[in-house]
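Here the structure comes first, spelled out in structure tokens, and everything after it is commentary.
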């Protein structure tokens, strides 16, 4: 017993593990995504700040080249005081030489490109020089990388986990080392500064360890999933116990339904068609009599039809009354031609068939078979079978609808098959189609097939349901043949 109880909990445990793991993975992924977005944002801000400083250096050189302040060194000194990253400002007169040959080569390149050019880069010392050619004098700036960084607005913490450096060819200048944390997730950002005169790449990286994951939220999620699954398991167990009790109750009542409930629902279901026909006939007669001159012959015919339908409704009430009488009485069975019952039902449902775009095919067989049944009851059974088939075919595209009826003889029994190519009956629902009040149709009572089976059994026959080939459903009505079955 204990082992069986554990087996019932195993599926819930597996579902809990799957849902819990999926939710924890989602939380972890969300946190990593947020960390990645924050890293990218900070790295892009740092790149923009450095690019702004680089463009600022170009602007300083362009201004000096344009204004040509002369031999006075004070403007240059004021620039050094104004821009702390400038170590010195060099001016080369027309006939003078630069202190280094590389600067002269850079000036020639600057003259060709008409912009500032990198003359010297010693990133290991944190310095570089840019030159701008001009007339009558050219200018050069020596820049300190450490002072170049706008630390007041710098988004990357120097003592944090982020490593940042400037790269040029094989040289590097470390902006900050980072904490060197080891972990499975590594973010990188690398982008060229937005100034051609300072061809440096900003490279930023960060490694995240397991501690960055939202362990508290993940644990809370797992606890919530566990609590919900335990609650669902308890509710499911209660529902299972309730279904078991309902099934036992149904098995105790399936032999005979509550008399008043079956009578009321059965009357509403079975009287609908004859009362509808009665109403239509009386309305037609009323209109015919009101015509000028009145069409009395046709009105009498309509009233005759109304009388037939009223008699049929009375027969239905009488038969249902006998159905709820105590056992011992039996309906008067008589030989009834099975093909006539089918044709009568098809005649009554002809407008419905036209509305659904269905053309029934009927194979009455080589001989007219007479079965023992109640004529009204047999017609009602066939009517129910055809109505159910039409309702099923309403779920199929109009051009694909098919309804086939056939009568065959099997020994001492006559068999009527009603087959459609509708959606069919699921394997789960097939054993329950004849249960009272069981229906898969919105607004259905679930009494048509139940009453049809009760009637068939009252005639000494049976009603069975099968899967259609290749799809749909097939219902077989089997009834005992009358003596001298060939009418």
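Considering (1) surrounded by 12 or more Cβ atoms within 10 Å (Cβ to Cβ); (2) modelled with pLDDT of 85 or more; (3) assigned to a loop (DSSP other than H, G, I, E, B), the lone condition that residue 69 does not fulfil carries the number (2).
Evaluation of residue 363 against the conditions (1) at pLDDT 85 or above; (2) within 30 Å of residue 335 (Cβ to Cβ); (3) crowded, with 21+ Cβ neighbours inside 10 Å shows that the sole unmet condition is (3). When the range 151-165 is limited to residues that are free of Cβ contacts under 8 Å to residues at least 60 places away in the same chain and touching a strand residue (DSSP E or B) at 6+ places or on another chain (Cβ under 7 Å), the one that is surrounded by the most Cβ atoms within 10 Å (Cβ to Cβ) turns out to be 163.
Kindly evaluate residue 430 against the criterion of being touching a strand residue (DSSP E or B) at 6+ places or on another chain (Cβ under 8 Å) and closer than 14 Å to residue 360 by Cα. So residue 430 fails the test. For the range 112-135, a residue qualifies if it is surrounded by 12 or more Cβ atoms within 10 Å (Cβ to Cβ), in a loop (DSSP other than H, G, I, E, B) and over 60 Å from the mean Cα position of the chain (by Cα), and the qualifying residues are 133, 134. Filtering 177, 109 for residues that are surrounded by fewer than 17 Cβ atoms within 10 Å (Cβ to Cβ) and within 30 Å of residue 33 (Cβ to Cβ) leaves a single hit, 177.
Taken together, the criteria exclude residue 343 from residues that are in a helix (DSSP H, G or I), farther than 27 Å from residue 480 by Cα and either modelled with pLDDT of 80 or more or within 49 Å of the chain's Cα centre (by Cα) (or both). Inspect the range 13-33 for any residue being at pLDDT 90 or above, surrounded by 12 or more Cβ atoms within 10 Å (Cβ to Cβ) and within 25 Å of residue 174 (Cα to Cα) and give the result as yes or no. For the range 13-33, residues at pLDDT 90 or above, surrounded by 12 or more Cβ atoms within 10 Å (Cβ to Cβ) and within 25 Å of residue 174 (Cα to Cα): absent. Of all residues in the range 264-273, one or more are assigned to a helix (DSSP H, G or I), closer than 23 Å to residue 432 by Cβ, at pLDDT below 65 and touching a helix residue (DSSP H, G or I) at 6+ places or on another chain (Cβ under 6 Å).
Evaluation of residue 444 against the conditions (1) under 15 Å from residue 390 (Cα atoms); (2) at pLDDT below 90; (3) assigned to a strand (DSSP E or B) shows that the sole unmet condition is (3). The set of residues in the range 185-201 that are in a strand (DSSP E or B) and crowded, with 22+ Cβ neighbours inside 10 Å is empty. Inspect the range 412-422 for any residue being touching a helix residue (DSSP H, G or I) at 6+ places or on another chain (Cβ under 9 Å) and at pLDDT below 75 and give the result as yes or no. No; the residues of the range 412-422 include none that is touching a helix residue (DSSP H, G or I) at 6+ places or on another chain (Cβ under 9 Å) and at pLDDT below 75.
Before we move on, is residue 228 in the same structural domain as residue 36 (by TED's automatic domain parsing) and either in contact with a helix residue (DSSP H, G or I) (Cβ under 7 Å, 6 or more places away or on another chain) or not in a loop (DSSP other than H, G, I, E, B) (or both)? It is false that residue 228 is in the same structural domain as residue 36 (by TED's automatic domain parsing) and either in contact with a helix residue (DSSP H, G or I) (Cβ under 7 Å, 6 or more places away or on another chain) or not in a loop (DSSP other than H, G, I, E, B) (or both).
The values are calculated or read from the model by the stated rules, or taken from the named source; none is laboratory data. Just so it is clear, the structure is predicted and the values come from calculations on it, not from any experiment. Reconstructed Cβ throughout: ideal geometry from the backbone, glycine too, with neighbour counts over all protein chains shown.
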